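What follows is calculated from the coordinates using simple rules that are stated; it is not laboratory data. From a predicted model like this one, the values you see are computed outputs, not experimental measurements. Cβ placement follows ideal geometry from the backbone for every residue including glycine, while neighbour counts extend to all protein chains displayed.
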Amino acid sequence: MDSEKIRKQAKDEFTEYLTYRKYRKTSERFAVLNHIYTIKGHFNMDSLYNSMLEDGSIRVSRSTVYNTIELLLECGLVVKHQFGAHAAQYERAYGNENHDHIICIDCGVVRESRSNLIGEEQLKKIKKFKVSYYSMYIYGVCSKCSYARRVKLNRMRRK
């Protein structure tokens, strides 16, 4: 599905959600939604807010961004990830392929992998459950941190 169709579908669902809950349909809320659906990959609250400030198409307050994210989480248009002790990260729910998250436990860097460690056959074996999206977290140490650990260990041995 192309990005324009995805954004329209997300906007329609958000409109329906706001109507059902009797929340106001403000241009700022829709600007946040639209901006999120132009981002590929993960973002945090600060990066989203700063990105919207840089874009300059519509001015939104930090509290509007935070409150809108909460609404988007409730209606399933945004997914929240908590990678260890680091700040929460978010990504859009529509238009993402299934992917795995590879997280370094030392530096906190998060990479996405589309290796699909869980195949279609395994997903079909889950009875009475239609899988629409999945995400896997894989924790370990990245090559950069692993190298830094080895260097530090070698220095300690020399003393």
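What's the local net charge at C75, with K and R +1, D and E -1, over the other residues with C-beta under 12 Å away?
Values: positive: K11, R21, R29; negative: D12, E13, E16, E70, E74.
So the surrounding residues net to -2.
Net charge near C107, counting Lys/Arg +1 and Asp/Glu -1 over other residues with Cβ under 12 Å of its Cβ? Numbers along the way, then the final one.
Values: positive: R111, K144, R149; negative: D106.
Neighbour charge sum, excluding C107 itself: +2.
If R0 is 41 Å, what FRET efficiency do you get for Y147 and K25 from their C-beta distance, rounded to 0.05?
Working: r = 51 Å, r/R0 = 1.25.
Here the calculated transfer efficiency is 0.20.
Using the beta-carbon distance between C75 and E112 and R0 = 35 Å, what value does 1/(1 + (r/R0)^6) give for FRET efficiency, to the nearest 0.05?
Values: r = 24 Å, r/R0 = 0.68.
The value I calculate is 0.90.
Would you mind computing Rg(Cα) / (2.2 N^0.38 Å) for region 12-109, counting N as its residues? Could the numbers behind the result be given before it?
Values: Rg = 14.0 Å, N = 98, 2.2 N^0.38 = 12.6 Å.
Against the compact-globule rule of thumb, the ratio is 1.12.
Compute the helix-to-body angle for 3-21: its Cα long axis versus the longest principal axis of the chain, expressed 0 to 90° and rounded to tens.
Helix 3-21 sits roughly 60 degrees off the main axis of the chain.
Going by alpha carbons, how many degrees (0 to 90, nearest 10) lie between the helix axis of 27-36 and the longest principal axis of the chain?
40 degrees
Full extension from M45 to I126: what is 0.36 nm times the residue separation minus their Cα-Cα distance, to one decimal in nm?
Values: separation 81, 0.36 × 81 = 29.16 nm, distance 3.43 nm.
Roughly 25.7 nm would be gained on extension.
Taking the beta-carbon count within 10 Å as an exposure proxy, list V65, V141 from fewest neighbours to most. List each step's numbers first, then the result.
Values: V65 23, V141 15.
Fewest-to-most Cβ neighbours within 10 Å comes out as V141, V65.
Give me the angle, in degrees from 0 to 90, between the Cα long axis of helix 62-74 and the longest principal axis of the Cα atoms of the chain, rounded to the nearest 10.
Between the helix axis and the principal axis of the chain, the angle is about 90 degrees.
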